[in-house]
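Beneath this line is the structure, given in structure tokens, with notes to follow.
The values are calculated or read from the model by the stated rules, or taken from the named source; none is laboratory data. On a predicted model such as this, the values are computed, not experimentally measured, just so you know. Quick reminder, even Gly has a Cβ in these numbers, built from the backbone with ideal geometry, and neighbours come from all protein chains shown.
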Amino acid sequence: MKITRPEKKPILVVLIKRTIAFFSGLCLLLLFLYGIGSQQEFTDITQLMLLRGAVAVGFFLGCAACYGIAFNCWMVFHGRFRYLGGIMPYIILGGLGLGVAVLGTFILILTGGAAA
């Protein structure tokens, strides 16, 4: 009985997944630190810096997820149907990233931190 090896993933798929995992973790970490900042008595400048960082990372996460969706659709179009199930996590993470970016920008505008 011959053991078959699974098909190798393209390097671009691995890079996209690792980039999205990094941005997801960093975005959640920044949101956590921003959330506990008022209880830990962070200064206003620190809170604004954390929120601006979360906005930037959320935007990059959304862009990377859009790139992942496009790449998976391209792979499905070229006959590799096993990538079809991978589109939904990219949609969820892209929505999370862009939602963080929009909500963070809204909070920055309300507090006047965008001009400071």
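Looking across the stretch 72-116, the residues that are modelled with pLDDT of 90 or more, in contact with a Leu (Cβ under 8 Å, 6 or more places away or on another chain) and of a type outside the set (A, V, I, L, M) come down to Gly94, Gly97, Gly104.
Take the conditions more than 16 Å from the chain's Cα centre (by Cα), among the aromatic types (Phe, Trp, Tyr) and more than 30 Å from Leu110 (Cα to Cα) and apply them to Tyr67. Does it pass? Full working, then the answer.
Values: more than 16 Å from the chain's Cα centre (by Cα): no; among the aromatic types (Phe, Trp, Tyr): yes; more than 30 Å from Leu110 (Cα to Cα): yes.
No.
Would you check if Gln39 is in contact (Cβ under 8 Å) with a residue 12 or more places away in the chain and farther than 24 Å from Leu93 by Cβ? Walk me through it before giving the result.
Numbers: in contact (Cβ under 8 Å) with a residue 12 or more places away in the chain: no; farther than 24 Å from Leu93 by Cβ: yes.
The answer is no for Gln39.
Candidates are the residues of the stretch 4-18 that are part of a helix (DSSP H, G or I) and among the basic types (Lys, Arg); the one that is surrounded by the most Cβ atoms within 10 Å (Cβ to Cβ) is Lys17. The listed residues are Ala70, Ala65, Ala21, and the only one of them that is of a type in the set (Gly, Ala, Ser), part of a helix (DSSP H, G or I) and either crowded, with 16+ Cβ neighbours inside 10 Å or in contact (Cβ under 8 Å) with a residue 24 or more places away in the chain (or both) turns out to be Ala65.
Summed over the stretch 29-43, the residues that are assigned to a helix (DSSP H, G or I) and within 17 Å of Ile107 (Cα to Cα) give a count of 8. The set of residues from the stretch 73-106 being among the small types (Gly, Ala, Ser), part of a helix (DSSP H, G or I) and surrounded by fewer than 17 Cβ atoms within 10 Å (Cβ to Cβ) comprises Gly85, Gly95, Gly99.
The one condition from (1) modelled with pLDDT of 90 or more; (2) more than 19 Å from Leu12 (Cβ to Cβ) that Cys63 does not meet is (2).
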